[in-house]
Amino acid sequence: MKRILITLSAAVMLFALGCQQNPPANNVTIENTAPSGFDVNKLAQYVKTSSDPQKIEKAINDPSTHINNLDLDKDGNIDYLKVEETGQGRLNIMDNVSDTDSVTVARIKIAPDSTRQTADLNIQGNPNYVGNDNYYHSSFSFTDFLLLSYMMRPHVYYMPMYHYGYYPSYYTRVRTVSNFRPTTSSHMSTRMSNRSSLGSPSRSQRSFGSRSSSSPVRRGGFGHSSSSGRSFGHSSFGRGRRR
C-alpha cells in the first residue's frame with residue numbers, strides 16, 4: 001500500500017512540473033498607449049517622394065528608414081503597418097494588432113490646388129503612439145510631389161489584403177530598438193485629436209479602418225465622385241474591430 005502511495009505521489013509531482021513547463025498561451029494584450037514609436041516627420045518625406053501607396057507601405061516597414069518602431073501586441077517585434085486609401089487624397093496608416101483589432105496610427109490628406117500648382121500635405125499622427133509633435137503640414141509644387149500623379153489619375157483605391165499574421169514576402173520581422181526617437185522639423189506641430197477613451201471605443205471607432213467585403217471597391221482620382229470619409233483632423237483615433 002505504501003509503495004502505491006509513493007508511486008501516486010511521484011506521478012502527481014511529474015504532472016505538476018509538466019504543467020509549469022507548458023503554460024497555456026496568453027491572449028494578445030493590445031497597448032492603448034505606447035512610447036513614441038512612429039515618426040510622422042520621416043513619413044512625410046516618403047509620402048512626397050513615393051509614386052503610389054504601396055511604395056509608402058514598403059518604406060514604413062523597411063527597418064532602414066526608421067519610421068516605425070511600434071510593438072502594440074508586445075511580442076518584442078516591430079509591427080507591420082499597412083496603408084489604406086480611404087478616399088480622394090486620403091490614406092490611413094493601420095496596425096492590425098490582433099486577428100480582430102486594428103489601430104489607426106496616422107492619417108494622411110493631400111489637397112491639390114490647380115490655380116497655384118501646389119498641393120498641401122497634412123499628416124495627423126495618433127498622439128498615443130507618435131509623441132507630442134504629431135501633426136505635419138507643408139506644401140509642395142506639383143512637379144516635386146510624385147504621389148500626386150497617382151492621386152490625380154483614375155484608379156482603384158489601394159486596399160492591401162495583408163492582416164495580422166499574413167504579410168508580404170518582402171517583410172522581415174525585426175526586434176524593436178530601445179533608442180528610437182521621432183524626429184521633428186519646422187513643419188511639425190502639436191494638434192490633439194478629438195478622441196474618446198480607447199478602453200471603450202464608440203461604434204464609429206469600432207468600425208473605423210475596416211471595410212465590408214461585400215462593399216464595392218471604390219475608385220479614386222481627383223474630380224471623380226467618391227465618399228471621402230470623416231473630416232480630417234476631427235475624427236477620433238481609436239481601436240477598431242476588424243471584420
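The values are calculated or read from the model by the stated rules, or taken from the named source; none is laboratory data. Model, not experiment: these values are computed from the prediction. No Cβ is skipped: glycine too gets one built from the backbone with ideal geometry, and neighbour counts run over all protein chains shown. Surface areas here come from the heavy atoms of the whole protein model, side chains and all, with no ligands, DNA or RNA. Shrake-Rupley method; radii C 1.70, N 1.55, O 1.52, S 1.80 Å.
Descriptive notes on the structure:
- Picking from residues in the range 46-60 that are in a helix (DSSP H, G or I) and of a type in the set (S, T, Y), the one that is farthest from P154 (Cα to Cα) is Y46.
- Count of the range 77-90 residues which are on the phi < 0 side of the Ramachandran plot, crowded, with 19+ Cβ neighbours inside 10 Å and touching a residue at least 60 places away in the same chain (Cβ under 8 Å): 9
- Answer residue from the range 126-135, given it is out of contact with any Pro (no Cβ under 7 Å at 6 or more places or on another chain) and either polar (S, T, N, Q) or part of a strand (DSSP E or B) (or both) and is least open to solvent (accessible area, probe 1.4 Å) among those: N126
- Test result for G125, at positive phi and small (G, A, S): no
- Exclusive hit being among the hydrophobic types (A, V, I, L, M, F, W, C) and in contact with a Lys or Arg (Cβ under 6 Å, 6 or more places away or on another chain), set M94, M152: M94
- Odd one out for M161, checked against (1) assigned to a helix (DSSP H, G or I); (2) free of Cβ contacts under 8 Å to residues at least 60 places away in the same chain: (1)
- Any hit, the range 116-125, residues being in a loop (DSSP other than H, G, I, E, B) and open to solvent by less than 10 Å² (accessible area, probe 1.4 Å): no
- The number of residues in the range 93-115 that are open to solvent by 10 Å² or more (accessible area, probe 1.4 Å), assigned to a strand (DSSP E or B) and among the polar types (S, T, N, Q) comes to 1.
- Members of the range 53-67 found to be over 14 Å from the mean Cα position of the chain (by Cα) and over 17 Å from V40 (Cβ atoms), listed by number: K55, P63, S64
- Breaking point among (1) open to solvent by 40 Å² or more (accessible area, probe 1.4 Å); (2) assigned to a helix (DSSP H, G or I), for T172: (2)
- Residue check, L70 crowded, with 16+ Cβ neighbours inside 10 Å, under 13 Å from the mean Cα position of the chain (by Cα) and part of a helix (DSSP H, G or I): no
- Being outside any helix (DSSP H, G or I), modelled with pLDDT under 95, among the hydroxyl-bearing types (S, T, Y) and open to solvent by 10 Å² or more (accessible area, probe 1.4 Å) is a description that does not apply to S9.
- For the range 156-169, a residue qualifies if it is open to solvent by less than 20 Å² (accessible area, probe 1.4 Å) and closer than 22 Å to A44 by Cβ, and the qualifying residues are Y157, P160.
- Number of positions in the range 136-149 that are of a type in the set (F, W, Y) and either loosely packed, with under 15 Cβ neighbours inside 10 Å or in contact with a His (Cβ under 9 Å, 6 or more places away or on another chain) (or both): 1
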